[in-house]
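Take a look at the structure below.
The values are calculated or read from the model by the stated rules, or taken from the named source; none is laboratory data. The structure displayed is predicted, hence computed values, not measured ones. Cβ atoms come from the backbone with ideal geometry, glycine included; neighbour counts cover every protein chain shown. To get the accessible areas, we keep the full protein, side chains included, count just its heavy atoms, and leave off ligands, DNA and RNA. Shrake-Rupley method; radii C 1.70, N 1.55, O 1.52, S 1.80 Å.
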Amino acid sequence: QVQLVESGGGLVQPGGSLRLSCAATGTIFGFNAMGWYRQAPGKQRELVAAITSGGSTNYGDSVKGRFTISRDNAENTVYLEMNSLKPEDTAVYYCIFSDTTASTWGQGTQVTVSS
């Protein structure tokens, strides 16, 4: 089984930056992907960004050019650098780990963009 520990998030002003981290522990081997989804009140959960163990990345359209996902395979940790934040980025951000057998979700971390 895999466990996820998220960190980062908080309150930031529009135009500001934040960094989220998510560390995966447990039985991890072979091809996998890690990433972030977010869910704002009254909206569906949506993909923010994802990265495979091979380094391929995928971004949601609304964050392209502003957010950058990276990972440290040795530490099984994924990072999300969020720049030029907008009020519409306000949501609970959830880390996800997926391999060939299952997906595991983190507990979520709140990101609030407000002046």
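A few points about this structure:
- Residue check for Arg19: in contact (Cβ under 8 Å) with a residue 12 or more places away in the chain, in contact with a strand residue (DSSP E or B) (Cβ under 9 Å, 6 or more places away or on another chain) and open to solvent by 70 Å² or more (accessible area, probe 1.4 Å): yes
- Restricting the stretch 1-16 to residues that are over 16 Å from Phe67 (Cβ atoms) and in contact with a strand residue (DSSP E or B) (Cβ under 6 Å, 6 or more places away or on another chain), the residue that is surrounded by the fewest Cβ atoms within 10 Å (Cβ to Cβ): Gln1
Residue-wise test of (1) among the β-branched types (Val, Ile, Thr); (2) in a strand (DSSP E or B); (3) open to solvent by 30 Å² or more (accessible area, probe 1.4 Å).
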residue	(1), (2), (3)
Phe29	no, no, yes
Gly42	no, no, yes
Gly55	no, no, yes
Ser62	no, no, yes
Ser70	no, yes, yes
Glu75	no, no, yes
Leu80	no, yes, no
Ser84	no, no, yes
Tyr94	no, yes, yes
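- Among residues of the stretch 96-115 being aliphatic (A, V, I, L, M) and within 20 Å of Ser56 (Cα to Cα), the one that is most open to solvent (accessible area, probe 1.4 Å) is Ala102.
- Residue in the stretch 67-84 that is of a type outside the set (Phe, Trp, Tyr) and free of Cβ contacts under 8 Å to residues at least 12 places away in the same chain present: yes
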